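K.L.:
Please find one structure pasted underneath; my questions will follow.
Here, each number is a calculation from the coordinates, and none is a lab measurement. Computed from a predicted model, the values in this text were never measured in an experiment. We place every Cβ from the backbone using ideal geometry, glycine too, and count neighbours over all the protein chains shown.
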Amino acid sequence: MDISVVGTGYVGLVTGTCLAESGANVICIDIDEDKVAKMKNGVVPIYEPHLDVYFERNIRMKRLSFSTKLEDAVDNNEVIFLALPTPPDEDGSADLSYVLGVARNIGKMMTDYKIIVDKSTVPVGTAEKVTAAVNEELDKRFADNPDERPDFDVVSNPEFLREGFAVDDFMKPDRVVIGTNSPRARKTMDKLFSPFVRQGNPILFMDERSAELTKYAANAFLATKITFMNEIANLCERLGADVDSVRIGIGSDQRIGKRFLFPGIGYGGSCFPKDVQALEKSSNEVDYDFKILKSVMHVNSEQKLNLIPKVKEYFGGDLNGKRFAVWGLSFKPDTDDIREAPSLENIKSLLREGATIRAFDPEAMENIKNKIGDVIEYADNSYDALKGADALLIFTEWQIFRNPEFTEIKKLLNDPVIFDGRNLYDLEDMRSIGFYYHSIGRAIIERG
Ligand SMILES: NC(=O)c1ccc[n+]([C@@H]2O[C@H](COP(=O)([O-])OP(=O)(O)OC[C@H]3O[C@@H](n4cnc5c(N)ncnc54)[C@H](O)[C@@H]3O)[C@@H](O)[C@H]2O)c1
């Protein structure tokens, strides 16, 4: 099957590469010329575990190619995936200009039947808007010769992959959601995705609107679950309970489940914040007051800065001239993505208080540097960040931070003080090594 993917970000590049791995011929289109030049030279432009292996193999097998020209996506390819950005508009609703702009351009170019597959996260009703945008262009082009007007279907195929596990999630999805009422499109989509569900996970066919809402409902539910647990953690601190015990206590209930119950300094990333906001906005538009979502957004924005008052209190209310080591900048481990990362707001807040920062992240330093420049120092490795710092602050739970040499940390810091926004360490270990250790929803370990 010949397929094109328009937009080669975290979703588009993974989609294109994995579809090529299943035997399809895939062309990936992006307007970012540098990105396309890199990919043509065999360079994966994002950090995503295991992507490089499939990427390299499928380029070598000539099943995966790249272009900046939308014409290359439209010519000879029956299925066109749109994996374009849908960032928040000024009012919080999803900005559809990328999706509708490309749809319109497809309408200007197509000469035969196409299935336009919307993989971006888009509000309910977008499939209809895409259909209208394509039709508008076809109406203009084929006003005088309607018999030659090509047919098309628009399918909603929301993506549920997680950055950091994107390849595994695409290759073995829990489910594939396909929103379409067209039997022709359904048949093609079924064929395209059946190689990925051979172990029996379902391809769920539904109408376009339900598919669009399924994506928002999934992300909003997960954001709510993690936010609920963050509030339980805040309560644990005030009531003298231990959030790890409570987490295990509730997670063992199969109705609740163990996942997404780890408290921390809030969710970030390119999806949860914007999707919760966009769903709340969509609800408003149909006069529905989605109260939980408002609370989730409010709690999360406070939770992101949960550590700052604790740090301030420890240092007697004055951070001016204090120096902090920071571990972790990406919004979560195993990605270089820093969109809406809690690290950004924490760094801003610490700098505002007059502190200085030396930070380390295994993959996200270049992106942070591009965003905030030299307002902080960048370390060569985790230990290099520590030298002469008054405390270590942990913002992202990268695996390499989980089992460090604590004696080395103690030696390098001015004082053995750790504020941990991701609950990486065992409280008894911290006590026995002699750290002041403040985490989320757990007892504070005072230095002995
Ligand atoms: N990142 C995730 O984990 C994730 C997961 C599920 C769904 N989604 C959704 O998928 C969509 C894409 O997300 P992403 O994280 O891959 O975005 P991204 O910003 O990483 O990638 C988007 C790409 O589209 C390109 N682009 C922009 N305009 C274009 C145009 N006119 N023609 C061709 N290319 C164009 C950009 O240059 C960029 O490379 C969003 O709607 C997002 O909400 C993201």
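K.L.:
Considering amide H positions built from the backbone, and no H for Pro or chain starts, which residues 5 or more places from LEU82, or on another chain, come under 5 Å of its amide H?
P.N.:
VAL6, VAL117, ASP118, LYS119, SER120
K.L.:
Still on this structure, please answer the following. In a shell of Cβ-Cβ distance under 11 Å around ALA132, excluding ALA132 itself, what net charge do Lys and Arg (+1) and Asp and Glu (-1) give?
P.N.:
Result for the local shell: -2.
K.L.:
Report the net charge of residues surrounding CYS271, where surrounding means a beta-carbon distance below 14 angstrom and charges are Lys +1, Arg +1, Asp -1, Glu -1.
P.N.:
Its environment carries a net charge of 0.
K.L.:
Among LEU261, LEU305, which comes first, second and so on when ranked by fewest other beta-carbon atoms within 10 Å?
P.N.:
By the 10 Å Cβ count, ascending: LEU305, LEU261.
K.L.:
Please check: in the Gaussian network model of the chain (C-alpha springs, under 10 Å), which one of GLU136, GLU78, GLU48 has the largest mean-square fluctuation.
P.N.:
Taking springs between Cα atoms under 10 Å, the residue moving most is GLU136.
K.L.:
While we're on this one: Arrange HIS438, HIS50, HIS298 by Cβ neighbour counts within 10 Å, fewest through most, would you?
P.N.:
Ascending Cβ contact count within 10 Å gives the list HIS298, HIS50, HIS438.
K.L.:
In nm, give the distance between the simple-model label positions of ASP384 and PHE260, each being 7 Å from the Cα along the Cα-to-Cβ direction.
P.N.:
3.8 nm
K.L.:
Quick one: net charge around LEU70, please, counting Lys, Arg +1 and Asp, Glu -1 for every other residue with C-beta under 12 Å from its C-beta.
P.N.:
-1
K.L.:
Can you show me the helix-derived [θ] at 222 nm for the chain, built from DSSP H runs with n ≥ 4 at -39,500 (n - 2.57) apiece and divided by the number of residues, rounded to the nearest 500.
P.N.:
Rounded to the nearest 500, the figure is -13000 deg cm²/dmol.
K.L.:
Another question about this same structure. List the residues whose amide H sits under 5 Å from the amide H of VAL326, counting only those 5 or more places along or on another chain, with H placed 1.01 Å from N in the peptide plane.
P.N.:
Under 5 Å from the amide H of VAL326: ARG358, ALA359, PHE360, LEU393.
K.L.:
Lys pairs in region 216-301, Cα-Cα under 16 Å, at least 8 apart or on separate chains: how many?
P.N.:
6
K.L.:
Residue by residue through region 409-416, which ³J(HN,Hα) values in whole Hz follow from phi under the Karplus form 6.51 cos²θ - 1.76 cosθ + 1.60 (θ = phi - 60°), with glycine and proline marked x?
P.N.:
4, 4, 5, 7, 6, 4, 9, x
K.L.:
Could you name the lysines whose alpha carbon sits less than 25 Å from that of LYS191, not counting residues in the same chain fewer than 8 places away?
P.N.:
Within reach: LYS62, LYS114, LYS119, LYS172, LYS215.
K.L.:
For the chain, give me the percentage of DSSP beta bridges that are antiparallel, rounded to the nearest 5 percent.
P.N.:
Of all bridge pairs located within the chain, approximately 5 percent are antiparallel.
K.L.:
In Å, what Kirkwood hydrodynamic radius results for region 2-206 from the alpha-carbon pair distances?
P.N.:
17.3 Å
K.L.:
Starting with the highest mean, order 58-67, 115-124, 219-228, 84-93 by the number of other Cβ atoms within 10 Å, averaged over the residues of each peptide.
P.N.:
Averaged packing, sorted descending, gives the order 115-124, 219-228, 58-67, 84-93.
K.L.:
About the Cα centre, and with charges only on the beta carbon of Lys, Arg (+1) and Asp, Glu (-1), how big is the dipole of the chain? Nearest 20 debye, please.
P.N.:
Computed about the Cα centre, the dipole is about 840 debye.
K.L.:
For the chain, take the longest principal axis of its alpha carbons; what is the angle in degrees between that and the long axis of helix 97-109, to the nearest 10 within 0 to 90?
P.N.:
The answer is roughly 20 degrees.
K.L.:
Just order 306-319, 7-20, 358-371 by mean Cβ neighbour count inside 10 Å, highest at the front, would you?
P.N.:
Ranked by mean Cβ neighbours within 10 Å, highest first: 7-20, 358-371, 306-319.
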